[in-house]
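Participant: The structure is given below, and queries will be raised subsequently.
Taken together, the values in this text are just the output of simple stated rules run on the coordinates, not laboratory data. Being a predicted model, the structure only gives us computed values, none of them experimental. All Cβ positions, glycine included, derive from the backbone under ideal geometry; neighbour counts span all protein chains shown.
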Amino acid sequence: MTVLIFVGALLGAMALGMPIAFALLVSSVALMWHLDIFDAQIIAQNFIAGADNFPLLAIPFFMLAGEIMNVGGLSRRIVNMAMTLVGHVKGGLGYVTIVAACLLSALSGSAVADAAALSALLVPMMIKAGHGKQRAAGLVAASGIIGPVIPPSIGFVIFGVAANVSITKLFLAGIMPGIYLGAALWITWWLCVRKENLPTPPRRSGRELARAALDAGWALMLPVIIIVGLRFGVFTPTEAAVVAAVYALFVSTVVYRELKLSQLYAVFMTAARTTAVIMLLVAAASIAGWLVTVADLPGAITEMMAPFIDNPTLLLLAIMLLVMVVGTAMDMTPTILILTPVLMPIIREAGIDPVYFGVLFIINMSISLITPPVGTVLSVVAGVTRQRIDEVMKGVWPFLIAELIVLFLLVLFPVLVIAPARWFSG
């Protein structure tokens, strides 16, 4: 009954068109009334405490770094270098999209930002080269969701705070799974274009390649600085976010000189608005998280999952299916904040590595960004490319299936995540 009241109030508020943050508040109040513990002071205390968390400072700085990179020319130089590397092969622009997405993921950590940048830069070029508009948009959408998997990742920051798991370990554990997703998209694109007979640009000379690498060198140094700094304990993930923002600002204004001082206000305001939305969700979800614990919803879910507790693989498959279904109707951040407190006790009781589960969870939630009806990344790509969402969806299906296969393989073979994560963590 408790679960039905919480979920029913949440879905009912969402069905009325209420923003997710306020829907969470409504469902929390409904649950408090049901438990006969309603107290406005408790709501205020948990609301403030939910946002008053030092690791969450990484979110505004990573958002700011991403905005600066897009406006300051770092993203464009990454795409140009990828074009120089693989633009000459058959279907080269598709491979450029995948390589650029992986590199941009190591800069911003935001699927929406990466998808928007890639859509504006590459989809018109792919259409001009003869690729179908839907397929081009579908590949960009599927490539953009690598952003929350390869560090730095805002999704990992939120999960780490909600689950009380090391964000540094999550960052390092996400490197190889992000590469796996890129490899799956590479193979799928090869299967899609192998029968196409389109002209390809000539191979770039070694001098052009060296020039492109040199031009993008400052941008490419950022992920190296972050990963090396985290690996050797030079800074925490929160400090890494500050380093990323300051470095991007320096490169954009002093080295590349594409970001003008007059543009800084707009860049800061865009990052601030996005951060405000995320932090409001975090604050509202902290009330729901507290009530989930008080009402012992994890215990109720554990009883439901009891038949799978002794078989971690079956348990993970069941949880991944649950997360996938929820992800089709809810955006990434609220889903992480709502489900994490419920699922983590089950994960720990089953003896599953929390870092490994966190990687699977974030991959699943990233894939949900390109599944209807919500599909935030689908909406962004559709808006930038001026297509309907159903048209982009037709193009994204082959790549969505490939990414689901990767998720399934990672569930079956945990060593694919755990072994590289331990190596990176030393």
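Participant: Would you please give the residues with an amide H less than 5 Å from that of residue 174, counting only those at least 5 places away or on a separate chain, with H modeled from the backbone geometry?
Facilitator: Amide H neighbours of residue 174: none.
Participant: So, one more: Within 14 Å, Cβ to Cβ, of residue 65, how many net charges do the neighbouring residues add up to if Lys/Arg are +1 and Asp/Glu are -1? Walk me through the numbers before you get to the answer.
Facilitator: Working: positive: none; negative: 67, 114, 239.
Taking every Cβ under 14 Å from that of residue 65, the sum is -3.
Participant: Rounding to the nearest 10 and keeping the result within 0 to 90°, find how far the Cα-based axis of helix 111-128 lies from the longest principal axis of the chain.
Facilitator: The helix 111-128 is inclined about 30 degrees to the chain.
Participant: With an 8 Å Cα cut-off and a minimum separation of 6 or more residues, compute the relative contact order for the chain in percent.
Facilitator: Relative contact order comes out at 26 percent.
Participant: Rank the residues 290, 397 as a footprinting-exposure proxy: fewest other Cβ atoms within 10 Å of their Cβ go first.
Facilitator: Ascending Cβ contact count within 10 Å gives the list 397, 290.
Participant: Now, a different point. Taking the Cα centre as origin and putting +1 on Lys and Arg beta-carbons and -1 on Asp and Glu beta-carbons, what dipole magnitude results for the chain, to the nearest 20 debye?
Facilitator: Around 1980 debye, computed over the chain.
Participant: Something else about it: Hey, how many Å between the Cα centroid of segment 186-206 and the Cα centroid of segment 365-421?
Facilitator: 22
Participant: Please identify the longest segment of the chain free of exposed trypsin sites (Lys or Arg not before Pro), where exposed means a DSSP state other than H, G, I, E or B and no more than 14 other Cβ atoms within 10 Å.
Facilitator: Free of exposed loop sites, the longest segment is 261-385.
Participant: Quick check on the exposure proxy: order 393, 18 from fewest to most C-beta atoms within 10 angstrom.
Facilitator: The most exposed by this proxy come first: 18, 393.
Participant: Could you derive backbone 3J(HN,Hα) for segment 45-55 from the dihedral phi with the Karplus parameters 6.51, -1.76 and 1.60 (θ = phi - 60°), listing whole Hz in sequence and x where the residue is Gly or Pro?
Facilitator: Values per residue, Gly and Pro as x: 4, 5, 4, 5, 5, x, 8, 8, 9, 4, x Hz.
Participant: At a 10 Å Cβ-Cβ cut-off, how would you order 303, 196, fewest neighbours first?
Facilitator: 303, 196
Participant: Where is the GNM fluctuation largest for the chain (alpha-carbon springs, 10 angstrom cutoff): 34, 88, 131?
Facilitator: Highest fluctuation among the options: 34.
Participant: Excluding residues on the same chain fewer than 8 positions from residue 90, give the lysines whose Cα lies under 30 Å from its Cα.
Facilitator: 128, 133, 195, 394
Participant: Find out how many positive minus negative residues lie around residue 100, taking Lys and Arg as positive, Asp and Glu as negative, among other residues whose Cβ is under 13 Å from that of residue 100.
Facilitator: +1
Participant: Right, next: Helix 354-367 sits at what angle to the longest principal axis of the chain, using alpha carbons and giving 0 to 90 degrees rounded to 10?
Facilitator: Between the helix axis and the principal axis of the chain, the angle is about 70 degrees.
Participant: Give the angle, between 0 and 90 degrees and rounded to the nearest 10, that separates the Cα long axis of helix 261-294 from the longest principal axis of the Cα atoms of the chain.
Facilitator: 30
Participant: Answer with one residue from 5, 130, 27: the one whose Cα lies farthest towards the positive end of the charge dipole of the chain, charges on Cβ with Lys, Arg +1 and Asp, Glu -1.
Facilitator: Most positive-ward Cα: 130.
Participant: Which one, 390, 36, 331, has the greatest fluctuation when you compute a Gaussian network model over the chain with C-alpha springs under 10 angstrom?
Facilitator: Of 390, 36, 331, the most mobile in the Gaussian network model is 36.
Participant: Work from the charge dipole of the chain (Cβ charges, +1 for Lys and Arg, -1 for Asp and Glu, about the Cα centre) and give the residue of 206, 188, 154 farthest towards its positive end.
Facilitator: Selected residue: 206.
Participant: So if R0 is 51 Å, what FRET efficiency would residue 197 and residue 49 give, r being the distance between their Cβ atoms, rounded to the nearest 0.05?
Facilitator: That gives a FRET efficiency of 0.25.
Participant: May I pose another question? Could you tell me which of 389, 293, 340 has its Cα farthest along the dipole of segment 55-425 towards the positive end, charges placed at Cβ (Lys, Arg +1; Asp, Glu -1), taken about the Cα centre?
Facilitator: 389
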